[in-house]
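The values are calculated or read from the model by the stated rules, or taken from the named source; none is laboratory data. Quick caveat, the model's predicted, so the values are computed rather than measured. Virtual Cβ from ideal backbone geometry, glycine too; neighbours counted across all protein chains shown. What goes into the accessible areas is simple: the full protein's heavy atoms, side chains included, and nothing from ligands, DNA or RNA. Shrake-Rupley method; radii C 1.70, N 1.55, O 1.52, S 1.80 Å.
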Amino acid sequence: MKLRANLVIGGSLFALAIVVGLLAPWLAHTDPVMDANLMNAEEPPSWTWWFGTDGQGRDIYSRVLYGARVSLTVGIVSQLINSVIGVALGLSAGYFGGWWDDIVNALTNLMLAIPSLIFALAIMAVLGPGLTSLLIALGLTNWSFTCRLARASALSLRSQGYVQAATVLGYGDARIMITQLLPNMLGPIVVIGTLGMGSAVLSEAVLSFLGLGVRPPFPSWGSMLSEAREQITTAPWLSIFPGLAIFLTVLGLNLLGDGLRDILDPQSRSRRT
Amino acid sequence: MTGRPLLEVEDLRIDLDDGSRRVAAAEGVSFRIDRGETFGLVGESGCGKSITALALIGLLRPPLSIGGGVIRFEGQEIQHLSAARQRQLRGNRIAMIFQEPMTALNPVSPVGRQIAEMFVLHRGKSWREANQLAVEALASVRVPAPERRVKDYPHQLSGGMRQRVMIAIALACGPDLLIADEPTTALDVTVQAEIIELMRNLCAERGTAILMISHDLGLVANVCRRVAVMYAGRIVEERGSADIFRAPSHPYTQGLVDSLPRLGSRAALGRSRLKEIAGVVPAITRFPDGCRFNPRCTQATDICRTTAPQADGLEAGGFVRCHHHA
Ligand SMILES: Nc1ncnc2c1ncn2[C@@H]1O[C@H](COP(=O)(O)OP(=O)(O)OP(=O)(O)O)[C@@H](O)[C@H]1O
Ligand code: SF4
Ligand SMILES: [Mg+2]
């Protein structure tokens, strides 16, 4: 059994981010919001302040840990919404074809024509800033690739012998879609989903950077970057650590996506058992 | 139940809509299969065997459709049943197995689960019970160590094993009719014989009728009590298997029988070749007038080119569709 480096590294980075987010209350040195103390404002990284402190004297290390919660929640939940929408639309469109396929195609093309971040921005503008708005905005705007993939897979799987066999055996449409088509397209869908999580983490950062994300003072990596903007030359650690957190998480998710691509092939799966 | 045939097909016509017009891909197709009977449908590639089978289970899809005729299952007309009612028949009362055991199983699902699904779908069993029944079903098709095999994925099984699994799935719900469309052409000869034997025995035990479809007259006649020979969308002869071999009536059937290799016959005849029927099957859109076999028939006369022959009943049972039949 050969473990792939990208899977191991990517998985570890992603797992690290999740553990950090979950255990933030125990790992953090201070409260990310309350423990402001102007006496130790803008301290550079040291043994006391691992990642330094910000202009209000809050511990960056602790804020980065708590920030993982927002970034990962947004990344995972919004991508889950995207995957469900994309698979439901694409799978049914590819399977049924006809007018439903036309509608889904038109919708997908529309989504692809508008950059999803712009679309998300528009939704945020209507809903106002906040975590829920972020989840909705990012969850509704990034399903087009999943949809395309699910539709293409359904189209090609539809003519497979086992799908026709299922029809002959009396399976209904829903059962065919769930038991015959979905499991056979899951691999690439999961891969796209993992990569999508990475881009959702980035989008969260961008929207928070623009002041549309989670409201200060609660930390998210994006809003921390946004606040650090003016001190980028005087206190670069304010930008470096949240930036690094984003970078490592997105990198981890991308490597993980690559690694999963190989694992989720049923042929290779059982060769290993 | 006695006397009433299990399946009755009367004057079935299958239309092919090629955009501008409708042509009959099959017409005047009539036959009946009794309970527990074995019936064969033979003919060259493209003559309409598979579409006839699809019509029986309500699965013709555009551009093909049923253009006329009646299909009765246990006396009930089924050609106009709602999609939901037809689905209840499929896999449950009428099952079908295919040519391609390599592709007819879902590659990402363990075979046991695929068998179990039939019990859940048609018998309303819980997954727990269904999994138990799946092991029994796998045992009944003589798969060794079924309790371990149920966890295998299709690609871990040989072609013959997969076809056994297909048979287990098809017979899971104890159907009244099993349609086997070229069930063994993709397998090598020794496995072929085993599978056919298995299928025949299981069906005989359970009183399941078989509609066996093949281009191989020898194989079909071996398995089936009665055989219908199809040519260019029409059944040209229908007889008991033994009769068809002993005294084929239709010139096309005669050609088929002559082209069969017979045990010992080659040696006896020295270098003599197997006879082949000259010419090719006409395309659907270019069926000749009159008898469709006339361009290839050595006995064709003028009437054959103008008038389609009617089905003539034979004394020994069955019928033949030829103006000059033996
Ligand atoms: N979906 C389809 N669209 C158009 N024509 C079709 C379609 N399916 C079948 N046909 C045509 O209908 C005719 C009968 O086809 P069918 O599949 O029943 O042949 P068959 O007797 O089963 O042959 P084989 O031994 O090759 O399986 C053929 O001429 C085929 O080209
Ligand atoms: S009807 Fe004529 S052409 Fe057709 S099979 Fe008989 S003899 Fe041949
Ligand atoms: Mg066929």
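Values for this structure:
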| read-out | value |
| --- | --- |
| Histogram of C-alpha separations across chain A, 5 Å bin width, % | 1, 6, 11, 14, 15, 13, 12, 9, 7, 5, 3, 2, 1, 0, 0, 0 |
| Accessible area expressed per residue, region A:205-264, with surrounding protein chains retained (probe 1.4 Å, Å²) | 45 |
| Trypsin sites (Lys or Arg not before Pro) within region B:273-326: DSSP coil, no more than 13 neighbouring Cβ in 10 Å | B:ARG273, B:LYS275 |
| Net charge contributed by nearby residues that have their C-beta within less than 15 Å of B:GLU315 (K/R +1, D/E -1) | -2 |
| Theoretical FRET efficiency, 1/(1+(r/R0)^6), r = Cβ-Cβ of A:THR48 and A:THR234, R0 22 Å, to 0.05 | 0.65 |
| Net +/- balance of residues flanking B:TYR252 in space, Cβ distance below 12 Å, scoring K and R +1, D and E -1 | +1 |
| Amide proton proximity set for B:VAL236, modelled H, under 5 Å, gap of 5+ | B:VAL229, B:MET230, B:TYR231 |
| Rounded FRET efficiency, nearest 0.05, which uses the C-beta distance separating A:PHE218 from B:ARG61 and R0 of 45 Å | 0.20 |
| Under the span-like rule (Cα at least 20 Å along the axis, Kyte-Doolittle mean at least -1.0), DSSP H helices of chain B | B:189-206 |
| Label point at B:ARG32 placed 7 Å out along Cα→Cβ; residues across region B:291-326 whose backbone nitrogen lies under 13 Å | B:318 |
| Interchain or long-range residues, amide H under 5 Å from B:ASP312's placed H | B:VAL320, B:ARG321, B:CYS322 |
| Heavy atoms of A:SER46: accessible area, 1.4 Å probe, square angstrom to 10 | 50 |
| Rounded D (µm²/s) - region A:158-224, Kirkwood Rh over Cα pairs, Stokes-Einstein at 37 °C, 0.692 mPa s | 220 |
| For region A:110-246, fraction of C-alpha pairs farther apart than 27 Å, in % | 42 |
| For A:LEU210, solvent-accessible area (1.4 Å; no DNA, RNA or ligand), Å² | 100 |
| Chain B - Rg (one decimal) and Dmax (whole number), Cα, Å | 20.8, 67 |
| Amide H contacts under 5 Å for B:ALA26, placed H, 5+ residues apart | B:ILE14 |
| Ordering of B:133-144, A:117-128, A:162-173 by burial proxy (mean other Cβ atoms within 10 Å per residue, highest first) | A:162-173, B:133-144, A:117-128 |
| Dimensions in Å of region B:172-268 - Rg and Dmax from alpha carbons | 14.5, 48 |
| Between B and A, accessible area buried - total, square angstrom, nearest 100, 1.4 angstrom probe | 1900 |
| Where B:LYS151, B:LYS49, B:LYS125 fall by accessible area, highest first, once all protein chains stay in place (1.4 Å) | B:LYS151, B:LYS125, B:LYS49 |
| Cα gyration tensor, region B:1-110 - rounded (a/c under 1.5), prolate or oblate | rounded |
| Whole-number Å³ per residue for the convex hull built on Cα positions in region A:1-160 | 171 |
| Average beta carbon contacts from partner chains per residue of B:106-114, 10 Å cutoff | 5 |
| Residue-normalised accessible area of region B:1-114, given per residue in Å² at a 1.4 Å probe | 41 |
| Net length gained if the chain between B:SER82 and B:VAL70 were fully extended (0.36 nm per residue, minus Cα distance) | 2.8 nm |
| Equivalent ellipsoid, region B:37-91 (semi-axes from 5 times Cα gyration tensor eigenvalues, Å) | 20, 15, 11 |
| Ranked order, A:LEU238, A:LEU7, A:LEU27 - accessible area, probe 1.4 Å, largest first | A:LEU27, A:LEU7, A:LEU238 |
| Rounded FRET efficiency, nearest 0.05, which uses the C-beta distance separating B:ASP312 from A:ALA106 and R0 of 56 Å | 0.40 |
| A:TYR61, B:TYR153, B:TYR252, reordered so the largest accessible area comes first (probe 1.4 Å) | B:TYR153, A:TYR61, B:TYR252 |
| Rounded to whole Å, sorted largest first: equivalent-ellipsoid semi-axes of the protein assembly as shown, Cα gyration tensor | 68, 25, 20 |
| Percentage relative contact order, chain B, counting C-alpha pairs under 8 Å, at least six apart | 20 |
| The protein assembly as shown - percent of accessible surface contributed by carbon and sulfur, probe 1.4 Å | 59 |
| Distance between modelled label sites at B:ALA145 and A:ILE178, nm, 7 Å Cα→Cβ extension | 3.3 |
| Span from the region B:278-311 Cα centroid across to the region A:90-151 one, whole angstrom | 58 |
